[in-house]
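Every number in this text was worked out from the coordinates using simple rules, so none of it is lab data. Since this is a predicted model, take the numbers as computed values, not measurements. Ideal geometry is used to build each Cβ from the backbone, glycine not excepted, and the neighbour counts take in all protein chains shown.
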2 protein chains.
Amino acid sequence: MTNRQQRVVLARIPTGTPVEDNFRVIDGEVPEPGAGEFLARTVYLSLDPYLRSAIAGRHMGHAPAAVGDLMPGRSVALVVRSRHPDVLEGGFVVMETGWQEYAVSNGRGIRRLDPTLAPLSTALGLLGMPGLTAWAGLTQLARPVPGETLVVSAATGGVGSSVGQLAKVMGCRVIGVAGSDEKCAIAARVFGFDGCVNYRHESWRDDLAQATRRRVDVYFDNVGGPVLEAAMDLLVPRGRVVLCGLIGQYNTGVPITMPLAPVIRARAQMFGLVVYDYEPLFDSYVARAAAWLREGRMRVLEDRAHGLASAPAAFARLMSGQNVGKSIVVVGPEAIEGHS
Amino acid sequence: MTNRQQRVVLARIPTGTPVEDNFRVIDGEVPEPGAGEFLARTVYLSLDPYLRSAIAGRHMGHAPAAVGDLMPGRSVALVVRSRHPDVLEGGFVVMETGWQEYAVSNGRGIRRLDPTLAPLSTALGLLGMPGLTAWAGLTQLARPVPGETLVVSAATGGVGSSVGQLAKVMGCRVIGVAGSDEKCAIAARVFGFDGCVNYRHESWRDDLAQATRRRVDVYFDNVGGPVLEAAMDLLVPRGRVVLCGLIGQYNTGVPITMPLAPVIRARAQMFGLVVYDYEPLFDSYVARAAAWLREGRMRVLEDRAHGLASAPAAFARLMSGQNVGKSIVVVGPEAIEGHS
């Protein structure tokens, strides 16, 4: 192991949807872990929409990023040298690495992974934050019962595909909303949704009314805007709406608003969801979802890019909605990847 | 009894806040009840904000009104002639009379009153729709527990004063928001609120933060807009917001919107409330609230106008926020009024 590594920093602060040359790959030093710290090697870097608002200073706990700053990001990482009493070398963790090949941590906020439970990269998607987001929104807020109809937007993304599949396990009828016919086909064929509406078709409102038979019990929202308003019009009285994300707003910073009269008219019950509140559910959720995954009741679809240098283009693709499945950059060497 | 009566019709369709000369008092005939119908004499006419959106065709079940149409409205009325098998002459009912001295009904949707339970006019306020609205929002949606802090806007209105007083009975700390120092004084002295913020003061946001000690468990919203957004910022995680009315929008028809990011950030739980869903609760609610009223645990404040011809000016006062307490027009003769 050399003591040099690749890192990705901000070359320009993005305005609107990020583009590849907002970022620059630079050469840096591999840091040394101090006492009580460990050094980890990034294996899978997770690309998620919240990163866009994080660098703009619009995501909780993140200050606005400056030119030259390392891009933030969580990864599955391999502990390669440890001076931490409770973190053993050779173990895998999910941790904030940022967009770089090696990172040091004092162990706070890390999550240890059991490589025998499921493929490691699933810890960033179905068995990670996106999956927990879905699980918390469903079991703690919307609480669907078998036979109810659930609609989810951004249907093939990390959160959306988890929501739909978990709702199927819970016995719901699931209709997705996505931005291409290809994504809709995947929602149905890979994830087993009962239907999917492409919101880029002119007829999408009618399509959604038809697919849901004008009865939406739960709407899991990742986008706000027209899809949220259309779902509201189809909501049964006291139907539940989980407000989880505002992907469009992450790019622009322009606040997404909604009219209140339809909320009253629909007798909607709307729930704001922040996944960090539900970390205590992580272990019990992961144990269940891993079993469902092994049993073939749920599936994983990843949009993989290879090599840290491909992260900027992959992130631009994600933020313009061109990814299909959970967006991941394979950073670690093939030998490590072989674990999964 | 002559066979002539006063009626109030629309002289012009209001644009924005109604003014007195949007209406005209005309002479009309007292109708004859047909078989299965009864004739009732209006005693107390209820003035409520929803009437403004009803005539604009923006309230559920109401088509837009035309020039010359009778103004809609519910009243406490005395049955003066009955050809209805189940409605006895001499009884009091709440019914849709419109703004006129006499009206005929087939009995559908009426509510019979027990004049020994409470003063008759309370059937339009604390023991009527506004009270049931408050009761349903509290017991079916927000479900506050003792010690929680509840904020309610339009604090001295029919709904607001009911919400605050019922929340006090439920053991909450209650902070009102109202549009004048006089109203705030009444919220505290008459209705027993723990505090009240005048949103016309420049410092109102700070005042609200201070009055609530930056902890709002439940916000009962009657107005939307800046007060809703300010309450959202003070909401505890998973705090509840009841969306009940949009008084400002009733006048203008311009949709009141709200940004979604603060809903997520606050982990808010928002509930759209339509009182008509909760009519089955009416009798049990009225029995309880009447007892609390007799015991002096709740109070009634009415903004009374006298004579049907005073309804237009009283309605204009209501819709510009100048009423204090439940807005009522005493239409019936003093002899009948003596019942209450």
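Tell me the mean residue ellipticity at 222 nm calculated for the protein assembly as shown from its helices only (DSSP H runs of n ≥ 4, each -39500 (n - 2.57), averaged over every residue, nearest 500).
That calculation yields -7000 deg cm²/dmol at 222 nm.
Can you list the HN-Hα couplings for region B:240-245, worked out from phi with the Karplus curve (6.51, -1.76, 1.60; θ = phi - 60°), rounded to whole Hz and with x for Gly and Pro?
Each residue of region B:240-245 in turn: 10, 10, 9, 9, 10, x Hz.
In nm to one decimal, list the spacings between the residue A:277 label point and its equivalents in the other copies, with label points set 7 Å along Cα to Cβ, shortest first.
2.0
Let me confirm the definition first: pairs of Lys residues in the protein assembly as shown, 8 or more apart or on different chains, C-alpha distance under 27 Å. How many are there?
So the count of such lysine pairs works out to 6.
Under a crude label model (7 Å from the Cα following the beta-carbon direction), how far is residue B:188 from residue B:67 in nanometres?
4.9 nm
Report the Cys residues of chain B lacking a disulfide-compatible partner, meaning no second Cys Cβ under 4.7 Å from their Cβ.
B:172, B:244
Averaged across B:270-280, how many Cβ atoms of other chains sit within 10 Å of each residue's Cβ atom?
Per residue, the average neighbour count from other chains is 4.
Given that compact globular proteins tend to follow 2.2 N^0.38 Å, what is the ratio of the alpha-carbon Rg of region A:181-295 to that value?
On the way: Rg = 16.1 Å, N = 115, 2.2 N^0.38 = 13.4 Å.
The value comes to 1.20.
Can you sort A:168, A:326 so the residue with the fewest Cβ neighbours within 10 Å comes first?
A:168, A:326
List, shortest first and in nm to one decimal, how far the label point of residue A:86 (7 Å from Cα along Cα→Cβ) is from its counterparts in the other copies.
6.8
What list of ³J(HN,Hα) values in whole Hz, one per residue of region B:98-113 in order, does the Karplus curve 6.51 cos²θ - 1.76 cosθ + 1.60 (θ = phi - 60°) give from phi, with Gly and Pro shown as x?
x, 8, 8, 7, 9, 8, 9, 9, 8, x, 6, x, 7, 10, 7, 10
Using only atoms on other chains, find how many Cβ atoms lie within 10 Å of each Cβ of peptide A:253-259 and report the average.
5
Restricting to Cα pairs below 8 Å that are 6+ residues apart, what does the relative contact order work out to for chain B? Please round to a whole percent. Show your work: numbers first, answer last.
Values: 752 pairs, mean separation 65.6, N = 340.
It comes to 19 percent, rounded to a whole number.
If I take R0 = 51 Å and measure r between the Cβ atoms of residue A:320 and residue B:96 in this structure, what FRET efficiency does the formula 1/(1 + (r/R0)^6) give, to the nearest 0.05? The partial results should precede the final answer.
Working: r = 55 Å, r/R0 = 1.07.
Computed FRET efficiency for residue A:320 and residue B:96: 0.40.
Would you mind computing, in nm to one decimal, how far apart the modelled labels at residue A:114 and residue B:181 are, each placed 7 Å from Cα along Cα→Cβ?
6.7 nm
Among A:273, A:25, A:287, whose Cα lies farthest out toward the positive end of the dipole of chain A, if unit charges sit on the beta carbon of Lys, Arg (+1) and Asp, Glu (-1)?
Positive-end residue among those listed: A:273.
Is any helix in chain A, taking whole DSSP H runs, at least 15 angstrom long along its axis by alpha carbon and on average at least 0.5 on the Kyte-Doolittle scale, and which ones?
A:158-169
Separation between the residue A:306 and residue A:145 pseudo-spin-labels, each 7 Å from Cα along Cα→Cβ, expressed in nm?
5.1 nm
Provide B:17, A:2, A:15, A:97 in ascending order of the number of other Cβ atoms located within 10 Å of each residue's Cβ, fewest first. Before the final figure, lay out each step's value.
Numbers: B:17 16, A:2 6, A:15 12, A:97 26.
By the 10 Å Cβ count, ascending, the order reads A:2, A:15, B:17, A:97.
Cut-off 19 Å, label point 7 angstrom out along Cα-to-Cβ of residue A:80: give me the residues of region A:289-307 whose amide nitrogen falls inside.
A:306-307
Dipole of the protein assembly as shown, Cα-centred, from +1 at each Lys and Arg C-beta and -1 at each Asp and Glu C-beta, to the nearest 20 debye?
600 debye
For region A:157-242, what is the charge dipole size about the Cα centre, in debye to the nearest 20, if Lys and Arg each add +1 at the Cβ and Asp and Glu each add -1 at the Cβ?
That gives a dipole near 320 debye.
Ranked by Cβ crowding within 10 angstrom, fewest neighbours first, how are A:99, A:135 ordered? Numbers along the way, then the final one.
Working: A:99 27, A:135 23.
Least to most surrounded, the residues fall as A:135, A:99.
So how do B:187-198, A:191-202 stack up, highest first, on mean other-Cβ count within 10 Å?
Result, highest mean first: B:187-198, A:191-202.
Please give the contour-minus-distance gain from residue A:274 to residue A:254: 0.36 nm per residue of separation, less the Cα-Cα distance, rounded to one decimal in nm.
Computed gain between residue A:274 and residue A:254 is 5.2 nm.
Taking each residue in A:242-251, count the Cβ atoms of any other chain within 10 Å of its Cβ, then average. What number comes out?
Across A:242-251, the average partner-chain Cβ count within 10 Å equals 2.
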